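There's a structure below that I have some questions on.
Bear in mind these aren't lab numbers, they're just calculated from the coordinates by the rules spelled out. A quick note: this is a predicted structure, and the numbers were derived from the prediction, not measured. Cβ atoms come from the backbone with ideal geometry, glycine included; neighbour counts cover every protein chain shown.
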């Protein structure tokens with residue numbers, strides 16, 4: 001449009017000049033330096049001038065096209081051809097990586113790098129992939145770091161560096177890289193999910209809580225899972241603050257954990273422990289009583305023993321019976337009451353609680369309690385030996401088991417011995433105990449060790465014997481219809497024993 005306007009302006013000037021010349025009657029001469037052209041008739045001079053101007057314009061446009069537009073078009077065509085060749089090299093290189101042809105992949109990578117000077121990041125991506133394929137981690141790192149220097153590929157470079165750090169087990173560097181990736185592209189789902197897990201695995205509980213908040217805000221985590229994970233990290237944060245002698249913060253975290261997920265055993269245990277530590281045993285007892293209704297568990301028994309440890313065994317037994325009333329038919333209630341009855345010397349009560357359980361294929365802890373009862377009530381070593389022999393081949397006790405590695409630990413932790421986050425679950429391990437008690441001598445020795453020598457204490461996360469695959473054995477509440485026949489037998493046995 002602008003060029004057309006210029007052309008019409010020049011044409012108008014020429015026509016105006018012709019018009020002016022047409023009014024001149026005298027001959028016209030043209031002087032160029034020392035040379036004189038003419039004389040010419042006025043009209044002829046005007047026509048000649050017009051032709052000269054038009055020819056000059058045509059020549060000017062031809063020269064401009066030759067000197068400016070044509071080289072540019074040629075350059076663009078050459079650039080497009082080189083870029084096309086570069087993309088083809090990238091495609092061939094990626095195919096070579098996928099097929100495992102490292103030599104061809106490297107060759108195509110060099111071709112792509114030479115032809116894609118403006119798209120260097122794409123070539124670097126291919127070069128990094130080839131380096132990783134060949135086990136050249138240093139070369140891959142160099143390419144990934146170069147990618148982080150360019151805004152359009154910074155996120156991809158950080159992703160590659162993160163994968164390297166995770167594979168190397170460098171959690172601290174992995175977390176740092178994820179934090180940088182989150183700054184580059186905020187709230188990317190895979191970044192937040194990995195960041196939360198790695199922050200938790202590296203015990204960065206405050207950071208994990210913040211990341212979990214973002215996951216919840218972006219609706220990237222299910223409601224139930226978010227509630228459970230929040231309780232998990234709050235329990236660990238409470239433990240950490242308790243070890244640092246920050247009691248107020250420890251209690252606050254424990255309360256939040258219990259409030260967000262009251263069905264989570266470690267949350268109930270930690271909250272009761274912290275309330276007891278502040279001397280508020282009434283609140284601790286209430287938390288344990290409420291939890292026993294929903295989730296009867298040996299860990300609750302342990303913390304309750306600490307809460308009421310100031311009382312004598314008889315008083316403690318009475319308090320445990322009140323706790324048992326919250327869930328009277330559960331197997332954990334009967335095991336708890338039997339153990340406390342033996343400690344209080346209420347042997348008839350203990351037998352009443354245990355005998356119904358022996359009718360259902362007792363597990364190892366029930367067999368051990370029966371051995372304790374036989375020795376404590378009358379010193380029947382033969383019966384105790386038989387029960388200990390049965391314990392060696394009975395179903396194992398429920399424990400905390402890692403769902404990923406199968407590791408067994410004594411105390412719950414958010415991080416398993418193998419480094420997994422939130423992988424511990426309460427169940428029976430999948431193994432068959434070795435039958436060590438194959439003769440009476442072994443049973444006698446085990447009885448002596450069981451009652452005369454204290455069992456060695458296991459530190460947190462200390463592994464128990466390695467598992468061997470066996471069928472699952474699940475805990476179930478014991479219903480009244482299951483207990484009645486065995487309870488009747490127990491009552492009859494007690495009456496017979498009391499009859500002279």
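Under the 0.36 nm per residue contour assumption, what length would be gained going from the current alpha-carbon distance of residue 427 and residue 163 to full extension?
Working: separation 264, 0.36 × 264 = 95.04 nm, distance 3.37 nm.
That works out to 91.7 nm of additional length.
Follow-up question, since we're still on this one. Give me 251, 171, 177 sorted ascending by neighbouring Cβ count inside 10 Å, so fewest comes first. Kindly include the intermediate steps, with their values, before the conclusion.
Numbers: 251 21, 171 17, 177 27.
The fewest-first ordering by Cβ neighbours comes to 171, 251, 177.
Still on this structure, I have one more. What is the spin-label model distance, in nm, from residue 219 to residue 382 if the labels are put 7 Å beyond Cα along the C-beta direction?
Result: 7.2 nm between the two label points.
Here's something else I'd like to know. Full-extension gain between residue 228 and residue 137, please, as 0.36 nm times their residue separation minus the C-alpha to C-alpha distance.
Values: separation 91, 0.36 × 91 = 32.76 nm, distance 3.78 nm.
Result for the pair: 29.0 nm of gain on full extension.
Quick check: residue separation of residue 210 and residue 152 times 0.36 nm, minus the Cα distance between them. What number comes out in nm?
Details: separation 58, 0.36 × 58 = 20.88 nm, distance 2.75 nm.
Computed gain between residue 210 and residue 152 is 18.1 nm.
In which sequence would 333, 358 go, from the one with the fewest C-beta neighbours within 10 Å to the one with the most?
On the way: 333 23, 358 18.
Going from least to most buried by this count: 358, 333.
Output the peptides 377-386, 254-263 sorted from most to least packed, where packing is the average of other Cβ atoms within 10 Å over each peptide's residues. Don't jump to the answer; show the numbers that get you there.
Values: 377-386: 15.8, 254-263: 20.3.
Answer by packing, highest mean first, reads 254-263, 377-386.
Something else: By count of other Cβ within 10 Å, fewest leading, how are 359, 151 ordered? Can you show the working numbers first?
On the way: 359 15, 151 9.
With the fewest neighbours first, 359, 151 line up as 151, 359.
How many angstrom lie between the Cα centre of the stretch 176-202 and the Cα centre of the stretch 308-375?
49
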